[in-house]
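First comes the structure, then the notes that go with it.
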Amino acid sequence: MKQEKKSLEQLTVAYQLLRWTVLVLPVAIMVGSLVALFLWLLDKATHYRFDNEWLLYLLPLAGVLIYWLYRLGGKNAEKGNNLIMDEIHQPGGGVPARMAPLVLLTTVITHLFGGSAGREGTAVQIGGSVAGWIGKKLGLTARDIRILLMTGIAAGFGAVFGTPIAGTVFALEVLAIGAMRYDALVPCLIAAVLADIVCSSWGISHTHYHILYTGVSSSFIPFLKTDFLLLVKVILAGVAFGLTGFLFSWLIHTIKYNANAYIKIPWLIPVVGGVVVILLCYIVGTRDYLGLGVYSQSPDGISIVNAFSNTGTISDWSWLWKLIFTAITLGMGFKGGEVTPLFFMGATLGHTLALLLGAPVDLFAGLGFIAVFAGATNTPLACTLMGVELFGANNVLYYAIACFTAYYFSGHSGIYSSQRLVVKKYDQ
């Protein structure tokens, strides 16, 4: 009798896997295709801005356009990622289908005119919007729509960065601090992998980063198969990465709160933000802190890619300037994600710390790349896996140490206000 029940259980599992594969397939195809379109438009907008520097002076007007687009058709879609997370925690009015085209268009506008923003938030919102629309059309239950929304997050994240494993775990880990729900594990994995395949099939390629450091054994402790002194340096850097994630989260929330409190005319908020970004460009004497920051307009400029080499173009405070530019851009009404700017902050800070501590520049740039993100989003497992997918597995111990340390030192705050606290990071 028990053996028969076990057999029936396996049949049920097989049925559920087949069912969710069928349900996730349209989500993955649509999200992968829309993310491909988004990345293509983003690349075109970035290069057009490089060739037409005068566009920066229209950033305040672009902010007004973004405000009115959301005012006329956005409604609750303006809550962005937090709306998707709220719907997963407690189903309510649903995620509107209009979120996908709105955030795609307004993010491209932000980048075209020089705002400092990312792309992950847009991809996740596209994923959540598509998943919510498909769930409603199919008449799914609230529980199934909740899981489908999580697959949308995984699909968007996995496709936009080319990291389906990290995208899967991110969708499970980002919802709550200290807890993960595994009921959506396989659907999220299917969605992330398929969306990444679909995105790549459209001819979209992702930036490749290289860490050449392969590690050496400790000269002090023979049986320790790693460099003990380097471990200490990684821990110290992890503390700095966590504090940077905390600072960014605090600053963006503070700017958003004060902008709404003291600027009484709503459409003036992005106008002020745009003017401040323009003034900051003159103060720092470069436009390298605008846009994504993966590449710069000049081959030897300040960028994520150049942070992985000891070329001397990265200043000691590049990470802080990018932090300020992005917090102002996103805190004052422009659209886009936070993650790629966090990559920039982390990679440039890692570069600076490597020179200060006498550590490998490429390794520490990579550690900062993933660890500042881990601290700001409270997702250390996803970020460790992202390190493996992007940089290879040779230095996975250092990835984990940096991400876990940053996670603890970022405190209980984060860039997502709808992220719930389930298990505290430490006893108080």
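When LEU72, LEU140 are compared by accessible surface with a 1.4 Å probe, the order from highest to lowest is LEU72, LEU140. Label segment 360-428 by shape, choosing from rounded, prolate and oblate, from the square roots a ≥ b ≥ c of the eigenvalues of the Cα gyration tensor; if a/c is under 1.5 it is rounded, and otherwise prolate applies when a/b is larger than b/c, oblate when it is not. Judged from the Cα gyration tensor, segment 360-428 comes out prolate (a/c at least 1.5, a/b above b/c).
Note on HIS47 and LEU236: the model spin-label points, each 7 Å out from Cα along the C-beta direction, lie 4.3 nm apart.
On average, how much accessible surface per residue is there in segment 335-428, in Å², for a 1.4 Å probe, leaving out ligands, DNA and RNA?
Normalised by residue count, the accessible surface of segment 335-428 is 31 Å².
On a per residue basis, segment 208-327 carries 53 Å² of accessible surface, using protein heavy atoms and a 1.4 Å probe. Work through the residues other than VAL103 whose Cβ is under 10 Å from its Cβ and net out their charges, Lys, Arg +1 and Asp, Glu -1. After counting each charged neighbour, the total is +1.
Only Cα pairs under 8 Å and 6+ residues apart enter the sum, and on that basis the relative contact order of the chain stands at 21 percent. Pairs exceeding a 31 Å alpha-carbon distance, out of LYS136/LYS264; LYS44/LYS79; LYS137/LYS425; LYS44/LYS233; LYS137/LYS264; LYS137/LYS322: LYS136/LYS264; LYS137/LYS425; LYS44/LYS233; LYS137/LYS264; LYS137/LYS322.
Taking the Cα centre of the chain as origin, work out the dipole magnitude from +1 charges on Lys and Arg Cβ and -1 charges on Asp and Glu Cβ, in debye rounded to 20. If you can, show how the numbers build up before the last one.
On the way: 26 positive and 21 negative charges, 230 e Å.
Once rounded to the nearest 20, the dipole reads 1100 debye.
Taking label positions 7 Å along the Cα-Cβ direction at both LYS264 and VAL64, the computed distance is 2.0 nm, reported to one decimal.
Evaluating 6.51 cos²θ - 1.76 cosθ + 1.60 at θ = phi - 60° for every residue in segment 170-177, the Karplus couplings come out as 4, 4, 7, 8, 6, 5, 8, 7 Hz, glycine and proline recorded as x.
Springs join every pair of Cα atoms under 10 Å in this Gaussian network model of the chain, and among HIS412, HIS210, HIS351 the largest mean-square fluctuation is at HIS210. Can you tell me how segment 138-178 classifies by the Cα gyration tensor, rounded, prolate or oblate, using a/c under 1.5 as the rounded cut? The shape class here is oblate.
Averaging the sequence gap over all C-alpha pairs within less than 8 Å and six or more residues apart, then dividing by the number of residues, gives segment 314-402 a relative contact order of 23 percent.
Run lengths n ≥ 4 of DSSP H only: what is the helix-derived mean residue ellipticity at 222 nm for the chain, with -39500 (n - 2.57) per run over all residues, to the nearest 500? Mean residue ellipticity at 222 nm (helix-derived): -22500 deg cm²/dmol. Springs between Cα atoms under 10 Å define the GNM used for the chain, and in it the highest mean-square fluctuation of LEU231, LEU342, LEU102 occurs at LEU231. Given their separation in residues at 0.36 nm each and the Cα-Cα distance between them, VAL396 and TYR257 gain 46.2 nm when the chain is fully extended.
Shape verdict for the chain, please, from the Cα gyration tensor: rounded (a/c under 1.5), prolate (a/b greater than b/c) or oblate. Because a/c hits 1.5 or more and a/b fails to exceed b/c, the chain counts as oblate.
Taking the chain as a Gaussian network of alpha-carbon nodes connected by springs under 10 Å, the highest mean-square fluctuation of the residues LYS233, LYS264, LYS79 belongs to LYS264. Length available on full extension from THR21 to GLU389: 0.36 nm per residue minus the Cα-Cα distance, which gives 130.1 nm. In loop segments of segment 169-205 as defined by DSSP, the chymotrypsin sites (Phe, Trp or Tyr not before Pro) with at most 15 further C-beta atoms inside 10 Å of their C-beta are TYR182, TRP202.
Between the residues SER417, ASN76, GLY203, the greatest Cα displacement towards the positive end of the dipole of the chain, with unit charges on the Cβ of Lys, Arg, Asp and Glu, is found for ASN76.
Taking the Cβ-Cβ separation of PHE228 and SER309 as r and a Förster radius of 25 Å, what is the calculated FRET efficiency to the nearest 0.05?
0.40
The values are calculated or read from the model by the stated rules, or taken from the named source; none is laboratory data. Predicted, not measured: the structure shown is a model, and the values here were computed from it. Methodologically, a virtual Cβ is constructed for each residue, glycine included, from the backbone with ideal geometry; neighbour enumeration extends over all protein chains shown. Side chains included, ligands, DNA and RNA excluded: accessible areas come from the protein's heavy atoms. Shrake-Rupley method; radii C 1.70, N 1.55, O 1.52, S 1.80 Å.
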